[in-house]
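The values are calculated or read from the model by the stated rules, or taken from the named source; none is laboratory data. In this text, all values refer to a predicted model and were calculated from it rather than measured experimentally. Note that we place each Cβ from the backbone using ideal geometry, even for glycine, and neighbour counts take in every protein chain shown.
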Amino acid sequence: MRTGRTAKALLTAGLLAAGIPAAGADTAAVSPRIDLQVLVLDDGGGAVQALTAQLRSIGLPYRTVRLGDAGRPTVDAAFLGDTVNGRPRARFQGVIAPDEIPFGSADSPEQTALAAYEKTFGIRQIDASTWAHPEVGLDYTDRDGGWAGVLDGARTRITPEGLAGPFAYLDGTVPFEDNSDAVAESYGYAGHPREGYTSYLTAPTGGSLVGSYTHDGRSELVVTFAYNQYQQQFQVLARGMVEWLTQGVHLGQSRGYFAVHVDDVFAPDARWDTARHCTPGDFDCAGGGGATSDIRMTAADAQYAAQWERSSGFTLDLLYNAGSGEEWKAENGGTDALTAQLLADRAAFRWENHTYTHEFLGCVQDTTTVPWSCAKNADGSTKWVSRSDISAQINNNYQWGVQKGLPVDRTELVTGEHSGLKTLPQQPQDNPNLAGGLLDAGVRWTGSDNSREPQQRPVGQALTVPRHPMNVYYNVGTAAEMTDEYNWIYTAKADGGSGVCENNPTSTCLPGPLPTATGYASHIVPQEAATALRHVLGNDPRPHYVHQSNLAEERLLYPVLDKVLGDYRALFADSAPVVSLRQRDIGAELSRQAAWAQAVADGKVTAYRVGTTVTVQAPSGVAAPVTVPEGTQQQQLLGTTVFGSPYAGRRSAWSSPGPLQAAVTLRLPA
């Protein structure tokens, strides 16, 4: 009995020391309420901003205190916690700080209050970027073989403790980016652990770069290298950092999403003219047509695509233009081995409507000007493609697919060139007939260009699905053609290029033209694969899109996809596979993410943990993303059910209350 009284006295003393009201002798042993949000102490540095971006991307609520703002709130006991219905409450389940002493002095009132809060409630803290020294549980780098320096290109390793703990979703090796020999991109300090420190990530020279330091009743995740939100090493480690911080229970979820749309299937694509540096048939290609032939897959290309899918374990989405294929067949002897082969392998692919003949579905284009402009009616108003033409393009293609046995979904569509949607500068608004045409055809999800419109938006009763364009061009069939066009776009006029890169603030000119024989493999493939992988690592479900020409001739797409998939699988364990969704599911995921983000921004989400019970309340119709340990059960009106689906060693799901329930209630494993 004496031991129990002592424990109660210690808890009460801890609460009083932090300035948090104690519950009294009869209720002091009651489990506290811990709200499921994170406190971010922001110094404006890249490391804290990277962690904040991670919270935002997965949907984990947070509150930011900008340390440099004169009018910021004081971080004291009243700010950090209070009492609700007699139960002590911690307002934050974790703290992200720029380093181990975010308030500048270990004995400052705010630092003292924060330490007491973390100790009292068992709250963890991430020291976003610091250096190796005893105050964070590490020896100085000048002792016992410690090290400090540039980490570019380093291959660091997850320790057995990391693989058994917060980084169990990784395979073991974490390479650091090295994008330029001229710039130092990452700098770190690798010190040897002292008592209380558990290393999770080690440098090639030995010593720890990431680890947990438990001391004085508190736990800190110590990170001793610099990073930003776009660097691959951070994106790979970020999931584990959040899992450690939240002790594996938090709002938000993430996946390694990757989907690839192949546009213009059955249709030929025009070819880049390496002499004129333009594409014959385009409005801005002087001289009209040329001697270049169009690019179109063959039956052998189709066979290879199906074989590649089987060997890679990845499914492509084929976006088809049946009418263009029928036109090609009529112009080429009435037979088409490509169509026959793709139909024979129809079950190997996902299929999606790309309209019957790839007609431009926005304004009627006036091609007498360069660039083209919207044709006008006699009264000066814009001449639009009609609603009936739009619905016919969609329906005719869909019906052809149904007749051929394609597993096509009526609700999914990508118009040719994303036409019908606003196209700046010529067409600053959607075709007013587009929404009606989509409605007539039963379309609920229509593709858009993420480089123009990154956010999902409504088009009548449909929603857009932004797609990432891949930098593998539609009008090339060989590596030499691809590199020639790439050089034209990305080299200065003095180097024989167009000079566009010199006038585009979002572009960077190459130091010189790439060799056409080797430039694609040595430069373009790794660059494009790195960009795509960054999306995969960023919990971004948006699909990427290319064209059927990229599966033809030299089959330029496959080296990029092989590198994306290979690099991902080399980083992650089997518990965290690539997740490839079709467009309707991507659209639904984006819609859920947006609704959740708005509910959080509006302050309409309440979520907390008491002991082994988690309660989540969100506005009606808004699903909540939740991540919890294996073994978690969801409380139903009668009994419980297994919660969520497994991913990366946790269980997660978009969650809503069951029938006759006002909140999601989860029972964590003991």
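Some observations on this one:
- Criterion: polar (S, T, N, Q), closer than 30 Å to ALA618 by Cα, more than 32 Å from the chain's Cα centre (by Cα) and surrounded by fewer than 22 Cβ atoms within 10 Å (Cβ to Cβ) - qualifying residue of THR112, THR120, THR74: THR74
- For LEU163, the conditions (1) under 30 Å from ALA573 (Cα atoms); (2) touching a Gly at 6+ places or on another chain (Cβ under 7 Å); (3) in contact (Cβ under 8 Å) with a residue 12 or more places away in the chain are fulfilled apart from (3).
- Answer residue from the stretch 403-436, given it is touching a strand residue (DSSP E or B) at 6+ places or on another chain (Cβ under 7 Å) and assigned to a helix (DSSP H, G or I) and is surrounded by the most Cβ atoms within 10 Å (Cβ to Cβ) among those: LEU434
- Within the option set LEU590, LEU581, being under 30 Å from VAL262 (Cα atoms), surrounded by 19 or more Cβ atoms within 10 Å (Cβ to Cβ) and either among the acidic types (Asp, Glu) or in contact with a Pro (Cβ under 9 Å, 6 or more places away or on another chain) (or both) holds for one residue only, LEU590.
- Check on ARG555, out of contact with any Asp or Glu (no Cβ under 8 Å at 6 or more places or on another chain), among the charged types (D, E, K, R), surrounded by fewer than 23 Cβ atoms within 10 Å (Cβ to Cβ) and under 26 Å from ALA305 (Cβ atoms): no
- The condition (being at pLDDT 95 or above, buried (at least 18 other Cβ atoms within 10 Å of the Cβ), at positive phi and not assigned by TED's automatic domain parsing to the domain that holds LEU221) is satisfied by just one residue among GLY44, GLY81, GLY59: GLY59.
- When ALA573, ALA588, ALA594, ALA618 are checked against the criterion of being of a type outside the set (Phe, Trp, Tyr), in contact with a Leu (Cβ under 8 Å, 6 or more places away or on another chain) and over 30 Å from ASP301 (Cα atoms), ALA573 stands alone in meeting it.
- Out of THR214, THR205, sole residue that is over 30 Å from HIS418 (Cβ atoms), modelled with pLDDT under 95 and surrounded by fewer than 22 Cβ atoms within 10 Å (Cβ to Cβ): THR205
- Failed condition for HIS133, given (1) surrounded by fewer than 18 Cβ atoms within 10 Å (Cβ to Cβ); (2) closer than 20 Å to GLU243 by Cα; (3) of a type outside the set (S, T, N, Q); (4) touching a Phe, Trp or Tyr at 6+ places or on another chain (Cβ under 8 Å): (2)
- Flag for VAL242 being touching a strand residue (DSSP E or B) at 6+ places or on another chain (Cβ under 6 Å) and among the β-branched types (Val, Ile, Thr): no
- Contacts under 7 angstrom Cβ, first residue in the stretch 403-432 being polar (S, T, N, Q), partner surrounded by 15 or more Cβ atoms within 10 Å (Cβ to Cβ) and part of a strand (DSSP E or B), 6 or more apart: THR411/TRP445; THR415/THR446; GLN426/SER373; GLN426/CYS374; GLN427/CYS363; GLN427/CYS374; ASN431/CYS363; ASN431/TRP384
- Scanning the stretch 225-272 for residues that are farther than 24 Å from GLN93 by Cα and hydrophobic (A, V, I, L, M, F, W, C) turns up PHE225, ALA226, PHE258, ALA259, VAL260, VAL262, VAL265, PHE266, ALA267, ALA270, TRP272.
- Note on the stretch 623-642: among residues that are more than 12 Å from GLN253 (Cβ to Cβ) and assigned to a strand (DSSP E or B), the one that is farthest from the chain's Cα centre (by Cα) is THR640.
- Condition check for GLU161: under 28 Å from the mean Cα position of the chain (by Cα) and either modelled with pLDDT under 95 or outside the structural domain of TYR568 (by TED's automatic domain parsing) (or both): yes
- From the list SER645, SER620, SER652, SER656, the lone residue that is under 28 Å from the mean Cα position of the chain (by Cα) and surrounded by 17 or more Cβ atoms within 10 Å (Cβ to Cβ) is SER652.
- Residues located in the stretch 636-660, provided they are more than 15 Å from ALA607 (Cβ to Cβ) and in contact (Cβ under 8 Å) with a residue 24 or more places away in the chain: GLN636, LEU637, THR640, PRO646, TYR647, ALA648, GLY649, ARG650, ARG651, GLY658
- Qualifying residue in the stretch 506-519 (condition: β-branched (Val, Ile, Thr), free of Cβ contacts under 8 Å to residues at least 24 places away in the same chain and crowded, with 17+ Cβ neighbours inside 10 Å): no
- Considered as a group, the residues in the stretch 380-399 that are within 19 Å of ARG350 (Cα to Cα) and without any contact (Cβ under 8 Å) to a residue 60 or more places away in the chain include one that is surrounded by the fewest Cβ atoms within 10 Å (Cβ to Cβ), and that residue is GLN399.
- Among the candidates GLY325, GLY401, GLY405, residue that is small (Gly, Ala, Ser) and on the phi > 0 side of the Ramachandran plot: GLY405
A quick yes/no check of all residues on (1) closer than 26 Å to ALA116 by Cβ; (2) of a type in the set (Ser, Thr, Tyr); (3) touching a Cys at 6+ places or on another chain (Cβ under 6 Å):
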{"position": "SER180", "(1), (2), (3)": "no, yes, no"}
{"position": "VAL183", "(1), (2), (3)": "no, no, no"}
{"position": "GLY188", "(1), (2), (3)": "no, no, no"}
{"position": "GLY191", "(1), (2), (3)": "no, no, no"}
{"position": "GLU195", "(1), (2), (3)": "yes, no, no"}
{"position": "GLY207", "(1), (2), (3)": "no, no, no"}
{"position": "TYR213", "(1), (2), (3)": "yes, yes, no"}
{"position": "SER219", "(1), (2), (3)": "yes, yes, no"}
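- When the stretch 466-495 is limited to residues that are of a type in the set (Gly, Ala, Ser) and outside any loop (DSSP other than H, G, I, E, B), the one that is surrounded by the fewest Cβ atoms within 10 Å (Cβ to Cβ) turns out to be ALA494.
- Total residues in the stretch 197-211, condition in contact (Cβ under 8 Å) with a residue 60 or more places away in the chain and either within 18 Å of ASP171 (Cβ to Cβ) or in a strand (DSSP E or B) (or both): 3
- Selection count, the stretch 120-155, where residues are basic (Lys, Arg) and modelled with pLDDT of 95 or more: 2
- Hits in the stretch 593-610 (condition: farther than 16 Å from ALA653 by Cα and either among the small types (Gly, Ala, Ser) or loosely packed, with under 14 Cβ neighbours inside 10 Å (or both)): GLN598, ALA599, ALA601, ASP602, GLY603, LYS604, THR606
- Residue in the stretch 137-157 that is part of a helix (DSSP H, G or I) and over 31 Å from the mean Cα position of the chain (by Cα) present: no
- Top-ranked residue in the stretch 535-546 [being part of a helix (DSSP H, G or I) and in contact with a helix residue (DSSP H, G or I) (Cβ under 7 Å, 6 or more places away or on another chain); ranked as nearest to VAL236 (Cα to Cα)]: LEU537
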